[in-house]
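Asks: The structure follows.
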Amino acid sequence: MSPTVGFIVNPVAGRDIRRLTGGASVSSNYAKRRTATCVLEGLTMTDNAEVLVMPDNAGLADRIVDDAPENLTVDLLNMTVTASGEDTRNAAERFSNAADAVVVLGGDGTSRDVAHGIGDVPVVSISTGTNNVVPTAVDGTVAGIATGLIASKAVSADETTVRHGTVKAVVDDESGERHIRGLATLGVLDQQFVGTRAILDPEDVIGGVVSRASPNEIGLSGIAGGLATCRPDEPGGVGFRLGNTSKPQQVVHAVTVPGVLSHIPVEEYRVLDDGEAFAFDVTTGVVSADGERELEVRNAFVRLRPVDDGPRLVQINAVIERAAEKGLFRTG
């Protein structure tokens, strides 16, 4: 049976306002299309691979299909386009039953949308967004080779994927009980409205919980990484509460927006076990997910907890190295 690869390319990833306020790079649709072309070229190493591309209203998927290598079967996924994040979530749900592996071009928000519905299908997440904590900066051709090796089962997914954690929130406020989920981070912001979705000012951050923490990451996971480290595949996470007092418990240096290094006063932090809650009482605020403002709350009790139930992310280097050990790059 031919291996099937799902392909999700977010045409709006990498275009938010942080490119004006910080040093984030721009990811144009032309750049995404070139990366997609490289991915498809890498997939030609896998015999009889079939690729289904998520359609979009920008014509990006159409160009990807038109420019595909002649010796690779590439078609559009048959689905309705809404020109919203719902497209990514719908495509992920379809691929959870139809694909052997999925390639995602986007940022952390795109990866989060994929995580909502992809199930156990291995995911190759390639960075074309802004903060890019979860997606990997990698050559598309190499990523395509790795995807084909996983989809065809030439390399074991069990040996070369990791289960990424998530963060879940329960919000009890005037609107009743609501739920929101982040992949790498959930934050609580001192803002009244969602407004510009990107988090621009670290002084707006009340605190948050992250499923991964490292000082070499950007945003909330970078703040937490200055306090404690947590690998993406480790259960649990880090919860923290920031402070504006003259004598904070800690002060950390963190890259809060690309090109912006901030000094962050920390009132409290705690390394959390899987499922352990970290809570906030919020009079007026906004809950953010993976660097974007998502949910306005009023007179709320917000409980955040890391949960070990995220997507299976392909470790591209591990796949390539395992394939080399098995002699899969040799033709003679």
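Asks: Please list, ordered by residue number, the strands (runs of 3 or more DSSP E) wholly in the stretch 155-263 having 1 or more residues that are more than 22 Å from Asn299 (Cβ to Cβ) and without any contact (Cβ under 8 Å) to a residue 24 or more places away in the chain. Reasoning before the result, please.
Replies: Working: elements: 161-163, 166-173, 176-182, 185-189, 205-210, 237-242, 250-257.
Of the strands (runs of 3 or more DSSP E) lying wholly inside the stretch 155-263, those with at least 1 residues that are more than 22 Å from Asn299 (Cβ to Cβ) and without any contact (Cβ under 8 Å) to a residue 24 or more places away in the chain span 250-257.
Asks: If I ask for residues that are open to solvent by less than 30 Å² (accessible area, probe 1.4 Å) and over 23 Å from Arg163 (Cα atoms), which ones from the stretch 205-226 would you list?
Replies: Within the stretch 205-226, Val205, Gly207 qualify.
Here's the yes/no breakdown for (1) at pLDDT below 95; (2) acidic (Asp, Glu); (3) under 29 Å from Ile218 (Cβ atoms):
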{"residue": "Met79", "(1), (2), (3)": "no, no, no"}
{"residue": "Thr88", "(1), (2), (3)": "no, no, yes"}
{"residue": "Ala99", "(1), (2), (3)": "no, no, no"}
{"residue": "Asn131", "(1), (2), (3)": "yes, no, yes"}
{"residue": "Ala146", "(1), (2), (3)": "no, no, yes"}
{"residue": "Ala151", "(1), (2), (3)": "no, no, no"}
{"residue": "Ser156", "(1), (2), (3)": "no, no, no"}
{"residue": "Val170", "(1), (2), (3)": "no, no, yes"}
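Asks: Confirm whether Thr166 is buried (at least 20 other Cβ atoms within 10 Å of the Cβ), of a type in the set (Ser, Thr, Tyr) and closer than 25 Å to Asp281 by Cβ. Break it down into steps so the answer makes sense when it comes.
Replies: Values: buried (at least 20 other Cβ atoms within 10 Å of the Cβ): yes; of a type in the set (Ser, Thr, Tyr): yes; closer than 25 Å to Asp281 by Cβ: yes.
Answer is yes for this residue.
Asks: What are the residues in the stretch 43-73 that are open to solvent by less than 20 Å² (accessible area, probe 1.4 Å), over 23 Å from the mean Cα position of the chain (by Cα) and touching a residue at least 40 places away in the same chain (Cβ under 8 Å), if any?
Replies: Thr46, Ala49
Asks: Out of (1) assigned to a strand (DSSP E or B); (2) basic (Lys, Arg); (3) at pLDDT 95 or above, the odd one out for Arg322 is which?
Replies: (1)
Asks: Considering Gly291, Gly310, Gly275, which residue is within 21 Å of the chain's Cα centre (by Cα), surrounded by 15 or more Cβ atoms within 10 Å (Cβ to Cβ) and on the phi > 0 side of the Ramachandran plot? Spell out the reasoning first.
Replies: Values: Gly310 fails: on the phi > 0 side of the Ramachandran plot; Gly275 fails: surrounded by 15 or more Cβ atoms within 10 Å (Cβ to Cβ).
Answer to the check: Gly291.
Asks: Same structure, new question: Please go through (1) at pLDDT 95 or above; (2) surrounded by 15 or more Cβ atoms within 10 Å (Cβ to Cβ) for Glu177 and return the number of the only condition it doesn't satisfy.
Replies: (2)
Asks: Out of all the residues in the stretch 267-282, is one or more among the basic types (Lys, Arg) and either outside any strand (DSSP E or B) or within 21 Å of Asp113 (Cβ to Cβ) (or both)? Give the steps one after another, and end with the answer.
Replies: Taking the stretch 267-282 first, the residues among the basic types (Lys, Arg) are 270.
Then keep just the ones that are either outside any strand (DSSP E or B) or within 21 Å of Asp113 (Cβ to Cβ) (or both); that gives none.
Looking through the stretch 267-282, none of the residues is among the basic types (Lys, Arg) and either outside any strand (DSSP E or B) or within 21 Å of Asp113 (Cβ to Cβ) (or both).
Asks: For the stretch 252-268: of the residues being touching a strand residue (DSSP E or B) at 6+ places or on another chain (Cβ under 9 Å) and farther than 8 Å from Ile223 by Cα, which is surrounded by the most Cβ atoms within 10 Å (Cβ to Cβ)? Steps first, answer last, please.
Replies: The first filter runs over the stretch 252-268 and keeps only residues touching a strand residue (DSSP E or B) at 6+ places or on another chain (Cβ under 9 Å), leaving 252-257, 261-268.
Now drop any that are not farther than 8 Å from Ile223 by Cα, which leaves 257, 261-263, 265-268.
Working: Val257: 23, Leu261: 10, Ser262: 16, His263: 10, Pro265: 17, Val266: 19, Glu267: 15, Glu268: 15.
For the stretch 252-268, the residue satisfying everything is Val257.
Asks: Quick one: in the stretch 110-126, which of the residues that are surrounded by fewer than 24 Cβ atoms within 10 Å (Cβ to Cβ) and more than 20 Å from Pro3 (Cβ to Cβ) is nearest to the chain's Cα centre (by Cα)?
Replies: Residue satisfying both the conditions and the ranking: His116.
Asks: To continue, here is another question. Would you please name the residue that is nearest to the chain's Cα centre (by Cα), looking only at residues in the stretch 89-109 that are aliphatic (A, V, I, L, M) and farther than 17 Å from Val314 by Cβ?
Replies: Let us first name the residues in the stretch 89-109 that are aliphatic (A, V, I, L, M), namely 91-92, 98-99, 101-105.
Next, from what is left, pick out any that are farther than 17 Å from Val314 by Cβ: 91, 98.
Details: Ala91: 16, Ala98: 21 Å.
Here the answer is Ala91.
Asks: Just the residues that are in contact (Cβ under 8 Å) with a residue 60 or more places away in the chain, buried (at least 16 other Cβ atoms within 10 Å of the Cβ) and farther than 20 Å from Ser27 by Cβ, please, taken from the stretch 83-109.
Replies: Taking the stretch 83-109 first, the residues in contact (Cβ under 8 Å) with a residue 60 or more places away in the chain are 88, 91-92, 94-95, 98-109.
Filter once more, so that each one left must be buried (at least 16 other Cβ atoms within 10 Å of the Cβ): 88, 91-92, 94-95, 99-109.
Ala92, Arg94, Phe95, Ala99, Asp100, Ala101, listed by residue number.
Asks: Would you say Phe280 is open to solvent by less than 40 Å² (accessible area, probe 1.4 Å) and either touching a Phe, Trp or Tyr at 6+ places or on another chain (Cβ under 6 Å) or free of Cβ contacts under 8 Å to residues at least 24 places away in the same chain (or both)? Before the answer, list the steps.
Replies: Details: open to solvent by less than 40 Å² (accessible area, probe 1.4 Å): yes; either touching a Phe, Trp or Tyr at 6+ places or on another chain (Cβ under 6 Å) or free of Cβ contacts under 8 Å to residues at least 24 places away in the same chain (or both): no.
No.
Asks: Name the single residue, out of those in the stretch 135-148 being open to solvent by 10 Å² or more (accessible area, probe 1.4 Å) and touching a residue at least 40 places away in the same chain (Cβ under 8 Å), that is farthest from Ser28 (Cα to Cα).
Replies: In this case the residue turns out to be Ile145.
The values are calculated or read from the model by the stated rules, or taken from the named source; none is laboratory data. None of the values given here were measured: they were computed from a predicted structure. For neighbour counting, all protein chains shown are included, and Cβ atoms are generated from backbone atoms with ideal geometry for every residue, glycine included. All accessible areas refer to the heavy atoms of the entire protein, side chains included, with ligands and DNA or RNA removed. Shrake-Rupley method; radii C 1.70, N 1.55, O 1.52, S 1.80 Å.
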